[in-house]
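Structure record follows, encoded as structure tokens.
The values are calculated or read from the model by the stated rules, or taken from the named source; none is laboratory data. Computed from a prediction, not measured in an experiment: that's the story for all the values here. Positions of Cβ are generated from backbone atoms using ideal geometry, with glycine treated the same way; all protein chains shown enter the neighbour counts. Remember, those area values only see protein heavy atoms, side chains included, never the ligands or the DNA or RNA. Shrake-Rupley method; radii C 1.70, N 1.55, O 1.52, S 1.80 Å.
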Amino acid sequence: MWWTVLYAAALLASHNVKPVRAINAKSYTGWDCCKPICAEVNGKNNLLNSRGVATVCNKNNEPQGRDAGVRASSGCANGGSAFLCDTYQPIPVADDLSYGFAIQISDGQTGDNANCCKCHQVTWTTGAAVNKSMIVQIITPGGAADVVKKNDLIILTPGGGLGPLSSGCANQYGKAYSWGENKGGVKNREACEKIPGNLQGGCYWRFNWARGEINGWDITYNQVSCPSILTDISGCSA
């Protein structure tokens, strides 16, 4: 039943997107459990009403209120109480279409970044997901490092790699789990069983829907209007 509802919502949303311009980049995966940067406004309180802020959760994946979420420090910092909600996992709605959230590599990593809360339609042009599409919403502007360059997208995928902030998931879930390599995460479907149960579906997405690790695969994407299937989760839109 839930699959049918999501698929219907996806089809409805697809008629409301408005292409702007195409960007060629690469896709990667990541899930660090940290508070999304777009959950802040960097002192520009007008964004609270014009754009909103990305929803954050406590360590039990219970959404925090808007004002409390803005004030809370990231769970990746000592004593922080704001974490990445488990609802930010990928949502497959058809064999060739998924929805989800992403980090976009950008020049500035603050909550007033102009790309915060914008949505993009992504199409893979290489790799096992070639010609498959995903509509993602940006909830964190990230910094470039190593092979990850400006405009690349890090699809938020549990088990996709903790990245440079490796303390967040241990702070949220404890130290009993195996998250794979910091860059790239787990390497196969079986390894998804070693992360928390509420995140395993999003981990399987990479191997079941995308049919591979997706790290370093070529993509093209363009901005589209945000569908409600994403904004109902994030609480923001731009």
Exercise for review: Work out from phi, with θ = phi - 60° and the Karplus expression 6.51 cos²θ - 1.76 cosθ + 1.60, the ³J(HN,Hα) of each residue of segment 42-56, listed in order in whole Hz, and give x for Gly and Pro.
Suggested key: 6, x, 9, 5, 4, 5, 4, 9, 7, 10, x, 10, 5, 5, 10
Study note, to complete from the structure: For Asp32 the rounded accessible area (nearest 10 Å², probe 1.4 Å, non-protein molecules ignored) is 30
Study note, to complete from the structure: With the convex hull built on the alpha-carbon atoms of the chain, volume per residue in Å³ sits at 116
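Magnitude of the Cβ-charge dipole of the chain, K/R +1 and D/E -1, about the Cα centre, nearest 20 debye? It would help to have the intermediate numbers written out before the result.
Details: 20 positive and 17 negative charges, 46 e Å.
Magnitude of the dipole: close to 220 debye.
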Study note, to complete from the structure: Share of accessible surface on carbon and sulfur in segment 157-238, whole %, 1.4 Å probe and ligands ignored, is 47
**Study point:** Relative contact order of segment 86-139, pairs being alpha-carbon contacts under 8 Å that are 6 or more residues apart, as %
**Key:** 40
Check your understanding: Which of the lysines could a cross-linker span from Lys183 if the Cα-Cα distance has to be under 20 Å and same-chain partners fewer than 8 positions apart are dropped?
Key -> Lys26, Lys35, Lys149, Lys150, Lys175, Lys194
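State, as an integer percentage, the relative contact order of the chain based on alpha-carbon contacts under 8 Å between residues 6 or more apart. Walk me through the numbers before you get to the answer.
On the way: 573 pairs, mean separation 75.8, N = 238.
Once normalised by length, the contact order is 32 percent.
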Check your understanding: Dipole size in debye (nearest 20) for segment 70-188 around its Cα centre, Lys and Arg Cβ +1, Asp and Glu Cβ -1?
Key -> 160
Exercise for review: Set Lys and Arg Cβ to +1 and Asp and Glu Cβ to -1, take the dipole of segment 21-64 about its Cα centre, and tell me which of Asn24, Asn58, Leu47 lies farthest positive.
Suggested key: Asn24
Revision key, fill the gap. Where a ≥ b ≥ c are root eigenvalues of the Cα gyration tensor, a/c under 1.5 meaning rounded, otherwise prolate if a/b exceeds b/c and oblate otherwise, segment 32-131 counts as prolate
Review point. What are the residues whose amide H is under 5 Å from the amide H of Gly185, where those residues sit 5 or more places off or on another chain and H is modelled from the backbone?
Key: Gly161, Leu162
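Can you give the relative contact order of segment 133-238 as a percent, counting alpha carbon pairs under 8 Å and 6+ residues apart?
On the way: 78 pairs, mean separation 24.5, N = 106.
About 23 percent, as a whole number.
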Practice item. Could you provide, to the nearest whole Å², the per residue accessible area of the chain with probe 1.4 Å? Key: 44
**Study point:** Distance in nm between pseudo-label sites at Lys194 and Arg21 (7 Å out along the Cβ direction from Cα)
**Key:** 4.4
Exercise for review: Treat each spin label as a single point 7 Å out from the Cα along the C-beta direction, and report the Lys175 to Ala68 distance in nm.
Suggested key: 2.9
**Study point:** Whole-Hz couplings from phi, Karplus 6.51/-1.76/1.60, listed for segment 194-204; x for Gly and Pro
**Key:** 9, 9, x, x, 6, 10, 5, x, x, 5, 4
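For the chain, what is the mean residue ellipticity at 222 nm derived from helices alone (per DSSP H run of n ≥ 4: -39500 (n - 2.57); sum divided by total residues; nearest 500 deg cm²/dmol)?
Details: 6 runs with 45 residues, N = 238.
Dividing the helical sum by the residues of the chain leaves -5000 deg cm²/dmol.
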Point to revise | For segment 150-238, with +1 on Lys and Arg beta carbons and -1 on Asp and Glu, the positive-most of Leu162, Ala238, Ala176 along the dipole | key: Ala176
Exercise for review: Using the charge dipole of segment 46-158 (Lys, Arg: +1 at Cβ; Asp, Glu: -1 at Cβ; taken about the Cα centre), state which of Ala114, Val147, Gln89 has its Cα farthest towards the positive end.
Suggested key: Ala114
Practice item. Could you pull out every residue, at least 5 positions away or on a different chain, whose amide H is within less than 5 Å of the one on Val93? Hs are placed 1.01 Å off N in the peptide plane, and Pro or chain starts have none. Key: Ser98, Tyr99
Review point. Once both labels are modelled 7 Å past Cα along the beta-carbon direction, what's the Ala94-Val130 spacing in nm?
Key: 2.1
Practice item. Read phi for every residue in segment 91-105 and hand back ³J(HN,Hα) as whole Hz from Karplus 6.51 cos²θ - 1.76 cosθ + 1.60, θ = phi - 60°, with x for Gly and Pro. Key: 10, x, 10, 7, 4, 10, 9, 9, 10, x, 10, 8, 9, 9, 5
